[in-house]
Amino acid sequence: MEDFATTMRNIAQTRIRRFERAAKRHYDESKREARRANIDPPKSPYPKPTAWSFRNDFNPFIVRSRADVYAHGISKSLKDKKYKVGDPYIFEVKKPQGGSRRITSFGIPDEALSRRTYRSLMSKNIGALSGRSYAYRADINVFDAITYISSEWRDHPRLFVAEFDLQDYFGSVKHQYLFQQMQVLKLRMTPRERLIIEAFLRTADTGQSKGFPQGTSISLFLSGVALSPLDRSLERLNVGFARFSDDILLWGADYSAVRTGSDMLFEWSNDSGVGISTFKSRGLQILSPKGSVGRSEIRDVDSVDFLSHRISLRGVRLAKRPERNIRQRCSELIYANLLRQPLAGTQDFGRLKNGLDRDYLTLLSQLRRLFYGGLSEPQVYRFSRSGYVPLNHLTGFVARHPVVTEVDDWRALDKWLRRQIWLALRRRALLLRKAGHEGPCIPWDTPVHMLSSQVSHSTRSFALLNMRIPSTARMARVVLKATDLHGTRVTERPRGIY
């Protein structure tokens, strides 16, 4: 295992790279905007995170250069049993449904210690945690959860399903209950690790002896410990269930068993002090193919949303929220590249030289990055037609949903995208011709059905330009082949717990 100072340097370097990538994207977009409007790019630098100025140990540049000093100080305080976590930087994150979530960010030395403790505790106690808890683990991930649920549901004509979401889970668990479960589970834990846990719990204690900080690695282990009694009770009940942090899904062909499982959840809620969200919990329902259930006293549904996927008895689709988000992002890119400058009357006509719309080429490049990640259009096309995909980490929107089985979702998204781009091109052509541009310009007058196969030649090098609109359906075939060959790990985001 890497030493403590190296862990600090790695965390600091990761945050520096994340900031530099964001600054580069900001600068590139400023340059693109300047080229489209023929203006000087703004000189304002990309702002640094406000937490960096909160205290020196939050600034990754300082920590990277003084990692050995921080490591020595914390190691000595642990040896003397005087370790104390530095005051966290607290900020709010807005929730999609409204309201906000309170996140605590710790200094890099404290977070490095938290991460090392988390890894140690997880490696020693993985067997004590439920195999149906899919959050924050190295051996199973969110895609394993979706695959398991789908395979369990596939052969049933209908099921009873219960959906629950815990309310303020990280801020509500009683400390007494948490330590009690550590004893019940007989966790392997050194005195130093317990001292570290207690130090982090004190940062979240408001005098009520409950909650643990949301925003540090060690809390992920504690969240699994607190829910282990419920997991074990459900396993003994022999109902199907899957849990990802505070999202819980129960199912079974026997109504009484699922109802009993729901009762167990409410009993655990009373014991632990954690409430159940009435807004996000849909309770007990009948899951069946659409239109197959007649009048019933229990609400019937044909699918369930779980972890950004919509799962039915016959397959897995995109959930509405990620589909809505990707359409919104595509609309933003189309507007920024094709319509913003013509509407404002600031379009640089040099971008249309020799009858080729270079802003359209920029749009295609950004859409490819959004859908394909690091793959180019020729690579996606070749891999989609071949029987082998190399073992590489796949990124992009499509790769984040490798277990979607309903290809019609991807085809519908491609069709919608073609239509939106075609409509934007028609309006762009109308506006710019009114502003004085003369002559044809590729691909303004291209029919909508030909945008997916559009090619042209560079006016400078005469090289062939691939002007096809990126296809999520084509990338989905690549992802499917890659996961069949190498498993879903090739699409999983690089592990970065907090």
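The values are calculated or read from the model by the stated rules, or taken from the named source; none is laboratory data. Keep in mind that what you see is a predicted model, and the values were worked out from it rather than measured. Because the Cβ atoms are built from the backbone with ideal geometry, glycine has one as well, and the counts that use them run over all protein chains shown. Accessible surface is based on the protein model in full, side chains and every heavy atom, while ligands, DNA and RNA are left aside. Shrake-Rupley method; radii C 1.70, N 1.55, O 1.52, S 1.80 Å.
Summary table below
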read-out	value
Test set (1) in contact with a helix residue (DSSP H, G or I) (Cβ under 6 Å, 6 or more places away or on another chain); (2) at pLDDT below 90 - residue 141 fails condition number	(1)
Residue match in the range 415-429 (condition: farther than 16 Å from residue 363 by Cα and either of a type in the set (A, V, I, L, M) or surrounded by 16 or more Cβ atoms within 10 Å (Cβ to Cβ) (or both))	no
Within the range 467-481, considering residues that are open to solvent by less than 50 Å² (accessible area, probe 1.4 Å) and touching a Pro at 6+ places or on another chain (Cβ under 8 Å), the one modelled with the highest pLDDT	479
Residues of the range 95-120 satisfying the condition of being β-branched (Val, Ile, Thr) and part of a helix (DSSP H, G or I)	108, 117
Criterion: loosely packed, with under 12 Cβ neighbours inside 10 Å and in a helix (DSSP H, G or I) - qualifying residue of 17, 9, 36, 64	17
Which listed residue is open to solvent by 60 Å² or more (accessible area, probe 1.4 Å), at pLDDT 90 or above and in a helix (DSSP H, G or I), from 48, 31, 24	24
Residue pairs meeting the criteria (Cβ under 6 Å; at least 6 apart or on separate chains; first assigned to a helix (DSSP H, G or I), in the range 121-137; second open to solvent by 30 Å² or more (accessible area, probe 1.4 Å))	124/188; 125/188
Filtered residues of the range 87-113 (kept if surrounded by 15 or more Cβ atoms within 10 Å (Cβ to Cβ) and in contact with a Ser or Thr (Cβ under 9 Å, 6 or more places away or on another chain))	88, 89, 91, 104, 105, 106, 110, 111, 112, 113
